[in-house]
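Structure first, commentary second.
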Amino acid sequence: MAPSPATTAGRGLPAAVAEWTRFLKLAEAKRLDPDSFASYVPMLYSKHRLPAAVIADLLLRPTKSNQNSLDPRFSQYLQALLRLQIVDTAAVLKGLYKYSTLHKQLKAGTNEEQQGGQEAALQKQQKLVRWRSSSSSEEMIFWRLVKQVSQTTAGIKNGADAIAVVKVTTKWMGLFTDAATAFSRDAFGAVHSLAAKEEMESSRGAFLLLLLAVCENPVVLSTLSRDVAKESREQLCDNLEGFIPTIIQTSHEIASRLDLFRTETLASFEPVTDKKDTAISEMNSYMDNLIGLERFQVPEIPVVNSRAGLYIYLNAALVGRPLIDDSALFTYFHNRYQGDIQMTAIQLILASFDVLANAVFHNEGSKIGHLLKSYVVNKVPLILSQFAASSAMYPFDAEYCITQALGQVDINVFPTLSGMFDMPTNSSFQDSVRQDFCFACQLHGLLSQTAIENLLGDITYQSLPDEGRYVKETLVQSCLEDPERTQKLIGELDNMNGNVGAAAQAIIEVIGTLCRNKETMTLKQLCSQLASRPLSLDILLLFDKPYKILHPLCELLDNWGGHDEDQGEYQPVYEEFGSILLLLMAFVYRYSLSPAELGIRSPDSFIGKLLSGGNTSRPLDELTEQEKSHMNGWIHGLFDTEAGGLGDELMSSCPPQDFYLLMPTLFHQIVLALSTGHLTEDMLKTGLEYLVDISLLPALVPAILYLANQLWADRPQSQGATIRVLQLILRPNSISNEASTMLSSVLNIVAKPLEHSLRSYQRQDPKSQEVEPLLRSLKENLPLSRRTGGADHNELEAWTGTHVTGANGGPTAQGANHAGGGLSGSIRTTVTNLAQWAQQPASIGLPAYTHRQILVAVKMLGAKHLLSILLEELKNQTALGNDSVAYDVVTAIICAPDISDKEFSLATMAAPDDTAAQQHLQQLQRHMTVRQALKAEADDWKRIQRADPAMAETVVRLYRRVEAQMAPLPPPPAAAAMLSSAELDSALGVGVGSGDAALDDAMMAAAAAAGVENGQLHHHDPMSLDTSAVDLGDLSGLGGSATNSAGPNTGGMDLSSATTDDIFGGLQMQGGVDFSKELEFGAWDMDLT
């Protein structure tokens, strides 16, 4: 029962401090788990309330028993207190500042007067004890505060919080400035060691990101703009002025952003002091309230739909996981081209070939050529056929559009039939694209044979597929009747004949049906086949969304009941479960999908648990008795040769879901036992041979990801054992062909994070000869491991180098003069190159462009800084007379699909009646996008106008164009919305000419062909329409004897009697080494997947 307020007041602050101090000492002595700590703290806080600053001080101060560095466990306690909002950002920064080692280092190098008389006097008076080495803990806490400030509203909640945070960050800047000065004076290390300087710089690097987050926090900006924050504003500005020069050599980009904040943002907050100016300012403010953004008159600039705009949009849509969502695409087309479907079709074909040509020019064929070619040949004709379907009432001449577009496609890159024999290169994804595209269009009734011969410049001997045009419903029916037909269809996903779209959607439909019918044996074969073909996953996502493919798999796996069935063998159950799960993991890790994107809402979901924490080992005392029993059984089954190996009894008692969730913990114990000699080499080989069997192989995904995480920890003995385990997994001595294929599928999933971990370990031990063979084992899997839109190392070096280069490392465009280089300079160069090409596409070569550059800029610079770069370049291009095309280029960059935007991904997958999905979308922690940053600037146009009228016009004009292209599609005309399937069938391939009065309605009718339901667009599949217009004519050493699994076990490996985190706890090594001491990796969370 909580004490009364009077009692609490009587006890006073000292009593509360004593209770908190006693609690923290007990937590330290007992090594209290952070979750337990978090459960006790609210009760203590309700009885003994203390200010946040006092609690943070108690947690972060040195103790009599520890004055070296902050206990890592206390860092976890601090995280819990932040999460519970018992301490806040300012309190933590004050505590860190008060006890920082930097004060001692400054005292060693300078006199006390230089530190500040008050600070020195306070230290003398209180005999303040500071940490001997606090930099590493400061760095870690700074990183956590960055997330707290930038990603949550709890970091800085109100104006008072903002002022407090600004004041303490100002003090930190002064401390780092003084420290940098002291270290620079001590160039020969007479006072400070090199290690101390490096530690300071590491801590400062994390602080820089925190400072940026604070300076860009909306609450901070709003507070600093007020008169009451004048003193804080001046202190911040003065300290930034001294701090920025100390970081400009090591962190040029951040220094530039901070200087921009100081000179522009803070300067704009300064009020005028003259009475006349004040009166004018008040009048301006009054008028601003009368004139809203919508009434701000901006001189118009002609709208140009340049060739660069759609090139940028499609590049972004295909840079990672394909984001070719038909409804979003038709909406964008309608807004961009104002219903002109003829122009839309021409520009779509041309931009699609441009995107593929860009990959050809920059040798990206091996990475993305297959996807891009399939998009051009198999997807674009389907979009055109939807245009044709919408033209039952309005003319659309498909043959004219295709002829006009292909006439502008470079024949040196995509030759005609006769030119193919003169090609200097043998690019299989390049040479036949024009021909394949034409025949795919003929397949869908868009071109005649005569038109193809004219377009290709010769008589071609290629013909339409013998099977004719696929109809999805027919394919689904035949696949359900003959499972082998689905396997053949999966093989046909590589085809370039126009039929792949129907095949892909039929495969997805069949998988969903098999999941609902729980036909797991058939499903196992299909999933295994698809999991071994990562490039085929890309093709599937060209024609449907991840949710439709994966949600049925999630439902099946979450509600799996195969282990409960009365059957003779349970190994097939594990095989079926594992194969299905392997495909799911292949999708999730390749495209970095979140549980929410799979439609997972329940906290009890097995898939949710596996994806969110399935790579982390758990202490054994946290396992339930059933889980301990399962672990005991698997240890015996894998390593106890006398127990008879893995039997049906074990598999029947342990559901496969439990087995997969236990894999990291199992491998933690294996590494622990191996590193201390309790697990021999022969025993290890025997156990791992079971795990490379096809029934258990998919479980190696969470196991290897766990092992990869452990390689980041600097613990040589454990790392050596981890490497040995990886050697036996990646390079098994004997393995069947089927298991070898599945192992390759597993390696495709884990290759990228495992490579990062191996190279990190290699840097720690450069003399190691064990890493290179493992890296060679992953060489073929690395290109297939991830497709998330992330930039590689070479691209980052090219974009962030101080020498100005083109967007992809090439030379800058003529006339470009972007001093300073770096990422900002490369962005400006990209915009310049695109604008110049858009002016004269026929005479200027296609510029290098990848949307990865924009995604990197948003992450490294932030959306607001990137927007400022784009706006400045827009002004420059306007001054050069390239205003119309420059606006189109920048608008396209901002409107382009963002593969890293989870909000966008969830919005496109959530059904309008899915209340849970819509609520989750509202609760999602959003990162600011460039579009959102632009809206904020446009809303603040009045302030911008007073400082720079031209920039205010630029901001508002750009904002209006972006919003116009991103506007929701209006409801279609009733006649178009009521088009039946029969009418759409007859409409395919029909219509010539154009009608200006009907163009807008025609584009909305195209959207209607994509389907409209409850105000939301849903894809209406022309692949399901049959066109009539085309005739398609020794273990005893482990501490005890063991019987078989059916009998009693008196060995040292039983978990039922285990009281520590060590399964092998009863085992002793020679020399008396106690194996029961667990190696703690709990604080590490370095998964790079």
Identity of the residue in the stretch 582-622, open to solvent by less than 10 Å² (accessible area, probe 1.4 Å), within 21 Å of F667 (Cβ to Cβ) and modelled with pLDDT under 90, that ends up nearest to the chain's Cα centre (by Cα): G614
If you take the residues of the stretch 640-673 that are open to solvent by 30 Å² or more (accessible area, probe 1.4 Å) and of a type in the set (A, V, I, L, M), which of them is farthest from the chain's Cα centre (by Cα)? L646
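Residue by residue, here is whether (1) open to solvent by 50 Å² or more (accessible area, probe 1.4 Å); (2) of a type in the set (D, E) holds:
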{"residue": "S675", "(1), (2)": "no, no"}
{"residue": "E681", "(1), (2)": "yes, yes"}
{"residue": "L691", "(1), (2)": "no, no"}
{"residue": "I694", "(1), (2)": "no, no"}
{"residue": "P698", "(1), (2)": "no, no"}
{"residue": "L711", "(1), (2)": "no, no"}
{"residue": "R715", "(1), (2)": "yes, no"}
{"residue": "R724", "(1), (2)": "yes, no"}
{"residue": "L728", "(1), (2)": "no, no"}
Among residues of the stretch 433-462 being assigned to a loop (DSSP other than H, G, I, E, B) and open to solvent by 20 Å² or more (accessible area, probe 1.4 Å), the residue modelled with the highest pLDDT is S448
Looking at the stretch 374-395, can you tell me whether even one residue there is of a type in the set (G, A, S), at pLDDT 85 or above, surrounded by fewer than 18 Cβ atoms within 10 Å (Cβ to Cβ) and farther than 27 Å from D792 by Cβ? no
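If a residue counts only when it is closer than 30 Å to Q836 by Cα and either in contact with a Ser or Thr (Cβ under 8 Å, 6 or more places away or on another chain) or of a type in the set (D, E, K, R) (or both), which helices (runs of 4 or more DSSP H) contained entirely in the stretch 710-806 have at least 1 such residues?
793-800
Does V146 count as at pLDDT 85 or above, surrounded by fewer than 16 Cβ atoms within 10 Å (Cβ to Cβ) and under 24 Å from D71 (Cα atoms)?
The answer is no for V146.
Looking at I539, I508, which one is of a type in the set (V, I, T) and over 19 Å from A440 (Cα atoms)?
Working: I539 fails: over 19 Å from A440 (Cα atoms).
Just one listed residue meets the conditions, I508.
If only one of H630, H636 is surrounded by 20 or more Cβ atoms within 10 Å (Cβ to Cβ) and either under 21 Å from L758 (Cα atoms) or modelled with pLDDT of 90 or more (or both), which one is it? Explain how you work it out, then say what you get.
On the way: H636 fails: either under 21 Å from L758 (Cα atoms) or modelled with pLDDT of 90 or more (or both).
Answer to the check: H630.
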Considering only residues that are part of a helix (DSSP H, G or I), out of contact with any helix residue (DSSP H, G or I) (no Cβ under 6 Å at 6 or more places or on another chain) and at pLDDT 85 or above, which ones fall in the stretch 149-162? A160, D161
Cβ contacts < 8 Å: first residue open to solvent by 20 Å² or more (accessible area, probe 1.4 Å), restricted to the stretch 69-81; second residue of a type in the set (F, W, Y) and assigned to a helix (DSSP H, G or I), any location; separation 6+ or different chain. Result? Q76/F37
Grab the helices (runs of 4 or more DSSP H) fully contained in the stretch 32-106, keeping just those with 2 or more residues being modelled with pLDDT under 90 and among the charged types (D, E, K, R). 34-47, 72-83
Output the number of the condition that A405 fails; it satisfies all remaining conditions of (1) open to solvent by 10 Å² or more (accessible area, probe 1.4 Å); (2) among the small types (G, A, S); (3) modelled with pLDDT of 90 or more. (1)
If you scan the stretch 213-257, which residues turn out to be open to solvent by less than 10 Å² (accessible area, probe 1.4 Å) and of a type in the set (K, R)? R233
Filtering the stretch 308-322 down to residues that are more than 15 Å from the chain's Cα centre (by Cα) and open to solvent by 10 Å² or more (accessible area, probe 1.4 Å) yields Y313, N315
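The values are calculated or read from the model by the stated rules, or taken from the named source; none is laboratory data. Just so it is clear, the structure is predicted and the values come from calculations on it, not from any experiment. Virtual Cβ from ideal backbone geometry, glycine too; neighbours counted across all protein chains shown. To get the accessible areas, we keep the full protein, side chains included, count just its heavy atoms, and leave off ligands, DNA and RNA. Shrake-Rupley method; radii C 1.70, N 1.55, O 1.52, S 1.80 Å.
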